[in-house]
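Worksheet: one structure, shown below.
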Amino acid sequence: MKYVHGYESRENRRLQDQAHTLVELLHSDTSYPAGSLVLEAGCGVGAQTVTLARNSPNALFMSIDISDESLTEAKRTVESSGLSNVQFQQADIFNLNFEPESFDHVFVCHVLEHLDRPENALVILKKLIRVGGTITVIEGDHGSAYFYPDSDAANKAIQCQVELQRRAAGNAMIGRELYPLLKKAGFTSIHVSPRMVYVDSSKPELVEGFTKNTFTAMIEGIRNAALKAQIVDEIIFDKGIRDLYRTTEADGVFCYTFFKGIGIKS
């Protein structure tokens, strides 16, 4: 797995901004019963881990990631938040050492988009869930981004992210595929709900937290990689970024949809 955004401090801040801004939208209904053992597969820098642990203070979380550097940051984030119901372990989703049916629930957020075999990952994770337990999966979909004023250059800049992820064997538009992926992996009672982020100037916290610091910062962060890969002309890319920032002005609008899927192991 290649994480196309890299592991720089700027990306860590972006992930934390995203998690903080979208807590209510993505996690108002994310909680686990007391005594539950939950596997967070692909915790990254702990951006989602803090919310999980706070929402379910009497559940225990095992948070894993393939990157030792990310785990170090995740531990720091959780400890500074005063949480004690999270354990960390370095692990590869495709090579896990946990016993079958050793977890009550599994949580996966912004991970499948980076995997070359997302369905296989879900099958592997399903084996670790006890019968009656659940999996929760959250993914974005770059094909759902639209905005005012519209901009061909901005759409081309976003497409650079999609193409880079495709070349890294990932899928930046995987959100729309959650239902069929969960179904193919054998989960039942699957429910997928769209979680739209709608931003206009009446919502300054979302203008700053999502349009600027999450989405546009993400696209801006792949500039060097996109130019090096010769996916786009430098002038067009830079205009695209300016046009994305233009949507944060008084008359601008920005929309993006995440998808949250829940399935049961029966």
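The values are calculated or read from the model by the stated rules, or taken from the named source; none is laboratory data. Just so it is clear, the model here is predicted, and its values are computed rather than measured. Don't worry about glycine lacking a Cβ; one is built from the backbone with ideal geometry, like all the others, and counts go over all protein chains shown.
Taking interchain pairs and intrachain pairs at least six residues apart, which have beta carbon atoms under 8 angstrom, with the first residue in the stretch 65-81 and closer than 16 Å to residue 51 by Cβ and the second of a type in the set (Lys, Arg) and surrounded by 15 or more Cβ atoms within 10 Å (Cβ to Cβ)?
Note: pairs meeting the criteria are 81/54.
Do you know which of the residues in the stretch 94-151 that are of a type in the set (Asp, Glu), free of Cβ contacts under 8 Å to residues at least 60 places away in the same chain and closer than 30 Å to residue 35 by Cβ is surrounded by the most Cβ atoms within 10 Å (Cβ to Cβ)? Lay out the reasoning, then the answer.
Of all residues in the stretch 94-151, those of a type in the set (Asp, Glu) come to 99, 101, 104, 113, 116, 119, 139, 141, 150.
Among the residues that remain, those that are also free of Cβ contacts under 8 Å to residues at least 60 places away in the same chain are: 99, 101, 150.
Now drop any that are not closer than 30 Å to residue 35 by Cβ, which leaves 99, 101.
Numbers: 99: 9, 101: 14.
The extreme case among them is 101.
Residues that are under 16 Å from residue 214 (Cα atoms) and modelled with pLDDT of 95 or more: does the stretch 163-171 have at least one?
Quick first cut of the stretch 163-171, residues under 16 Å from residue 214 (Cα atoms) only: none.
No, every residue in the stretch 163-171 fails to be under 16 Å from residue 214 (Cα atoms) and modelled with pLDDT of 95 or more.
Would you check which residues across the stretch 100-124 are farther than 18 Å from residue 52 by Cα and in contact with a Leu (Cβ under 8 Å, 6 or more places away or on another chain) and list them?
Going through the stretch 100-124, the residues farther than 18 Å from residue 52 by Cα turn out to be 100-102, 112-124.
Matches in the stretch 100-124: 100, 101, 102, 112, 118, 119, 121, 122, 124.
Taking the stretch 159-169 as the search range and keeping residues that are of a type outside the set (Lys, Arg) and surrounded by fewer than 21 Cβ atoms within 10 Å (Cβ to Cβ), which one is farthest from residue 229 (Cα to Cα)? Show your work before the answer.
Going residue by residue through the stretch 159-169, those that are of a type outside the set (Lys, Arg) are 159-165, 168-169.
Subset that is surrounded by fewer than 21 Cβ atoms within 10 Å (Cβ to Cβ): 159, 162-164, 168-169.
On the way: 159: 13, 162: 13, 163: 10, 164: 8, 168: 12, 169: 15 Å.
The residue in question is 169.
Residue under question is residue 187, and the condition is that it be surrounded by 15 or more Cβ atoms within 10 Å (Cβ to Cβ) and in contact with a Ser or Thr (Cβ under 7 Å, 6 or more places away or on another chain); does it hold?
Details: surrounded by 15 or more Cβ atoms within 10 Å (Cβ to Cβ): yes; in contact with a Ser or Thr (Cβ under 7 Å, 6 or more places away or on another chain): no.
So residue 187 does not fit the description; no.
Being surrounded by 19 or more Cβ atoms within 10 Å (Cβ to Cβ) and closer than 21 Å to residue 36 by Cα is the filter here, so list the residues in the stretch 77-90 that pass it.
Correct list: 78, 86, 88.
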